[in-house]
Each structure stands twice: as C-alpha cells, then as structure tokens.
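The values are calculated or read from the model by the stated rules, or taken from the named source; none is laboratory data. Note that the coordinates shown come from a computational prediction; the quantities given were computed from them, not determined experimentally. Neighbour counts are summed over all protein chains in view; Cβ atoms, including those assigned to glycine, are modelled from backbone coordinates with ideal geometry. The accessibility values were calculated without ligands, DNA or RNA, using every heavy atom of the protein model including side chains. Shrake-Rupley method; radii C 1.70, N 1.55, O 1.52, S 1.80 Å.
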Amino acid sequence: MEGLPTSVLFCCDHNAVRSPMAEGLMKKRFGQRIYVQSAGVRHDQEIDGFSIAVCDEIGIELGRHRSRSFEEMAEWGDDLGAFDMIVALSPASLRHAHELTRTSAVEVLYWPIMDPSGLAESREEKLQHYRNARDQIDAKITETFRED
C-alpha cells in the first residue's frame, strides 16, 4: 500500500488487551487522519485493567473502551470489507480476518504479539509483560505506518 491507509482495524481474540492497546496507540499517533477501530473474534471479556494501566503510563486513555466482536461490528453496520487494512494480533483473529475479507480487497497483516494476560504472578511482573506487548505493538506501528 502506498502512503498511509485511511482506515485500519486491529483485531485479537477478545478485544480486551492487545487490539485496544493498538487502537489507542494508533489514534494517539495519527489522530483523526486515519479511522481506527478494534475488534475481537469473541466478545466475552471487557477491557483488561493492566492494559488500561500501561497505556495510562504513556498518556493513552482506554478506560472507556468497550470490547466488541467482529459479529457485533457487522450487526452495528460496520462493513469489514471497507477497511483499507486489518491487522491481526493473534492466530485466531488472522483466520477470522481472512475468512471475512476473502471477497474484499482488504490488506490483512499479521503481527504475532503474545497475549500478556496470565504470564506472571506478581503485579509488577504482570505490568512488565503488558508493557512489553504495548511496546512491541508501538514498534510495529512505527515500522508499518511510516510517513514519508
């Protein structure tokens, strides 16, 4: 794709950890120049408190984010084929994105970002895993969406 896309959808398993972080990071960097949303394969969890905390550290507010699934987006009238790009952050969301866009000219990317939930015992260790995921996503945004 030449230049910046006009719309990007980030997706993961539950739209509770990685994809909301990616949405927030992208919105912080590009403001309203790029339409950005996020979704999950399933909507069975709300936004993760550790995701909120590590994004607060860098000035991104996720506390009002409401998790949603691909199915809910479609029910609400969002056309997934209308996005310029879908960025999948998990294997399940990659499969789902390919399924939903097989008849559309949507670019689908895969960024294998590990889900940090459940990786540690102590609060500080958990926060460090979430920071690592946040920073990996931020680096991929920088690498992928360069402004020339």
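If you take all other residues with their beta carbon under 12 Å from the beta carbon of Val17, and give Lys and Arg +1 and Asp and Glu -1, the sum is -2. Of all accessible surface on the chain at a 1.4 Å probe, what whole percent is carbon and sulfur? For the chain, the apolar C and S fraction of the accessible surface comes to 47 percent. Size descriptor for the chain, Kirkwood hydrodynamic radius: 15.3 Å (Cα pairs only, one decimal). Could you work out which residue, out of Leu119, Leu100, Leu25, moves most in a Gaussian network model of the chain, that is, has the largest mean-square fluctuation with Cα springs under 10 Å? Most flexible of the set in this elastic network: Leu119. Subtracting the Cα-Cα distance of Ala53 and Leu127 from their residue separation scaled by 0.36 nm leaves 25.8 nm. The modelled label-to-label distance for the pair Asp78/Glu107, using points 7 Å beyond Cα in the direction of Cβ, is 2.0 nm. Remark: the stretch 62-148 carries a charge dipole of roughly 260 debye about the Cα centre, counting +1 on each Lys and Arg Cβ and -1 on each Asp and Glu Cβ. With all protein chains kept in place, the per residue accessible area of the chain amounts to 52 square angstrom at a probe of 1.4 angstrom.
May I ask for the net charge around Ser7, where only other residues with Cβ less than 13 Å from the Cβ of Ser7 are counted and Lys, Arg are +1 while Asp, Glu are -1? Result for the local shell: -3.
The mean sequence separation of alpha-carbon pairs under 8 Å and at least six residues apart, normalised by the residue count of the chain, gives a relative contact order of 27 percent. The helix-only estimate of mean residue ellipticity at 222 nm for the chain, built from DSSP H runs of length n ≥ 4 each weighted as -39500 (n - 2.57), is -12500 deg cm²/dmol after division by the residue total. Residues of the stretch 132-148 with the amide nitrogen closer than 11 Å to a label point 7 Å from the Cα of Met114, along Cα-to-Cβ, please. Those under the cut-off are 132-133. Nearest 0.05, what FRET efficiency do Ala139 and Asp44 give at R0 = 25 Å with Cβ-Cβ as r? My answer for the efficiency is 0.30.
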